[in-house]
Amino acid sequence: MKSLLTWGKIQASNVDKVILISQFEQKANHQNHLFGLFWEFLSPAIQIIIYYLVFGIRLNGQTIIHSDIPYIYWMLIGIIPWFYISSSIVAGAGSISRNLSLISKTHFPIEILPTIAIVKGLNSFFAMLGLFLILFVSQGFLPTLEWLQVFYYFPCMVLFLLALAVLTSAITVVFS
């Protein structure tokens, strides 16, 4: 328990570093692409279109879900978090091994590297979720009491991803 509290103190004292480095890494990831930051939205949009064509239209997804909500909205509310979760898992697993040169040459808290990997994807997640909610509400689906669940499930998702990133990054370092 004491080590968990120490880890939490390190996270809290380095919040500004986590945010700053995650912003720099996000910008650096998109410098090599022709479309830059727009690629962060274009790539998921292409995948969403393909999934909708295959599962929504070709396999007639609307009859499978038995709901008044159109299949595209049902699919989007599941796939938007999945894009964030899958990218966070991959980034978290390699967060320490990818930054070994930074760790070995400077005095840098290793404990914040998995956190940086998790925080890095939040901008695109919130942007895609915001666009989805605007589209969803504009089609007449008004918020209900069940929408309050997001205030519980989102922090749980981030904490789960953070725990998984710490575990997998340690395993990656040991076995690489």
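The values are calculated or read from the model by the stated rules, or taken from the named source; none is laboratory data. What you are looking at is a predicted structure, and each value in this text was computed from that prediction instead of being measured. Note: ideal-geometry Cβ built from the backbone for every residue, glycine included; neighbour counts use all protein chains shown. When the accessible area is computed, the model is the full protein with side chains, heavy atoms only, and any ligands, DNA or RNA have been set aside. Shrake-Rupley method; radii C 1.70, N 1.55, O 1.52, S 1.80 Å.
A compact table of results
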quantity	calculated
Residues (open to solvent by 90 Å² or more (accessible area, probe 1.4 Å) and within 18 Å of P81 (Cβ to Cβ)) located in segment 49-62	F55
Residues satisfying the stated conditions in segment 63-78, i.e. part of a helix (DSSP H, G or I), surrounded by 12 or more Cβ atoms within 10 Å (Cβ to Cβ) and not aromatic (F, W, Y)	I64, I65, I72, M75, L76, I77
Near pairs, Cβ below 9 angstrom, 6+ apart or cross-chain, from segment 132-144 (at negative phi) to any residue that is assigned to a loop (DSSP other than H, G, I, E, B) and open to solvent by 70 Å² or more (accessible area, probe 1.4 Å)	L133/P143; V137/P143
Residue pairs meeting the criteria (Cβ under 8 Å; at least 6 apart or on separate chains; first in contact (Cβ under 8 Å) with a residue 40 or more places away in the chain, in segment 58-76; second open to solvent by less than 30 Å² (accessible area, probe 1.4 Å) and among the β-branched types (V, I, T))	L76/I48
Hits in segment 17-48 - residues which are surrounded by 12 or more Cβ atoms within 10 Å (Cβ to Cβ) and in a loop (DSSP other than H, G, I, E, B)	H30, H33
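This table checks each residue for (1) more than 24 Å from F55 (Cα to Cα); (2) out of contact with any strand residue (DSSP E or B) (no Cβ under 8 Å at 6 or more places or on another chain); (3) small (G, A, S).
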{"position": "I69", "(1), (2), (3)": "no, yes, no"}
{"position": "M75", "(1), (2), (3)": "no, yes, no"}
{"position": "F83", "(1), (2), (3)": "no, yes, no"}
{"position": "I96", "(1), (2), (3)": "yes, yes, no"}
{"position": "A117", "(1), (2), (3)": "yes, yes, yes"}
{"position": "N123", "(1), (2), (3)": "yes, yes, no"}
{"position": "Q139", "(1), (2), (3)": "no, yes, no"}
